[in-house]
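Okay, structure first, notes after.
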C-alpha cells in the first residue's frame, strides 16, 4: 500500500486564506519586534518567519508595498517601514481626520451600555496604575491590558462608522502608529495614566452626548500623542 502524504492545514489552505495568513503572520512579527523598522529582509527570510510558501510571500509583497509597510530598494532588497518625521506626521494626521469624525458620530449614536462598558475597562486600568505598590516600572500584564483597552477604545469608535474601507485603512495606519511607539521609550506611569485620564474625559463627554466636546478632546488627545512622538525623535 503506497504511503500517503497528507497536506498540513497551511498547505491545504486556499490561496486567499494563505495570503491572509501570511499578512497576519507578518504584522504579528512586526508588532512583536521580531521585525524592526528600517530592517532589510528577503523573501526567503519571510518564508522562514511565516512558515508559508514562497508563492504566498510573493503575493503578499505588493499589498505590503501598497500599505507602506515595506519598500523595495533596488540591489538591497525589501526594507521594513522606517520611522521618521514624515511617517509620524502623516500617521497622526490620518488619525485626526478619521477619529474626529468618528467620535462625533459615536457621540450621537453609541448605546449607553457600550459607553458604560468602555468606562469600566478604563477605570480598572486607572485603579491599577494608582496602586501604591506599582512604581514607574509597570508590570507587563498591566501594560498589555492597558494597550488592549487603549487600542480597543479607538478602533471601537472607528468601526462604529460601519465603513469597511475606513476600518481597514485605519488598522493599517495603527500598525504604523504602533511601530512609532516601539521606537519610543518604555511605557511608564508618566504616560499611561495621563492617557487613560484623557480617555476618561472623552468618555465623560460621550455620556453627556456633547459632540463639540468629544471632538475637541479627541483632537487634543491625538495631538498630544503626536507631540510626544516628535519630541523623542
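Bear in mind these aren't lab numbers, they're just calculated from the coordinates by the rules spelled out. Predicted model, so just to flag it, every value in this text is computed and none were measured. In this analysis, Cβ positions are derived from the backbone assuming ideal geometry, glycine residues included, and neighbour counts consider all displayed protein chains.
Some observations on this one:
- With R₀ fixed at 41 Å, the C-beta to C-beta distance from residue 123 to residue 90 puts the FRET efficiency at about 0.75.
- The value obtained for region 102-233, namely the Cα convex hull volume divided by the number of residues, is 104 Å³ per residue.
- Build a GNM of the chain with springs between Cα atoms under 10 Å apart, and of 201, 76, 19 the one that fluctuates most is 76.
- Relative contact order (%) - region 86-197, alpha-carbon pairs under 8 angstrom, separation at least six: 47
- Dividing the mean sequence gap of close Cα pairs (under 8 Å, 6+ apart) by how many residues region 9-80 holds gives a relative contact order of 35 percent.
- Between residue 17 and residue 133, the contour length at 0.36 nm per residue exceeds the alpha carbon distance by 37.1 nm.
- Modelled FRET efficiency - R0 25 Å, residue 219 with residue 165, Cβ distances, 0.05 increments: 0.65
- Our summary gives the chain a relative contact order of 25 percent, counting only alpha carbon pairs under 8 angstrom and 6 or more residues apart.
- Rough spin-label spacing in nm, given labels placed 7 Å along Cα→Cβ, for residue 40 and residue 197: 4.7
- Cα Rg over Rh - region 9-80, Kirkwood: 0.95
- With N as its number of residues, the chain has a Cα radius of gyration that, divided by 2.2 N^0.38 Å, comes to 1.17.
- Between residue 113 and residue 141, full extension at 0.36 nm per residue minus the direct alpha carbon distance yields a gain of 7.4 nm.
- Counting only alpha carbon atoms, the long axis of helix 54-66 and the longest principal axis of the chain meet at about 40°.
- Cα-based helix-to-principal-axis angle, 140-159 vs the chain, degrees rounded to 10: 90
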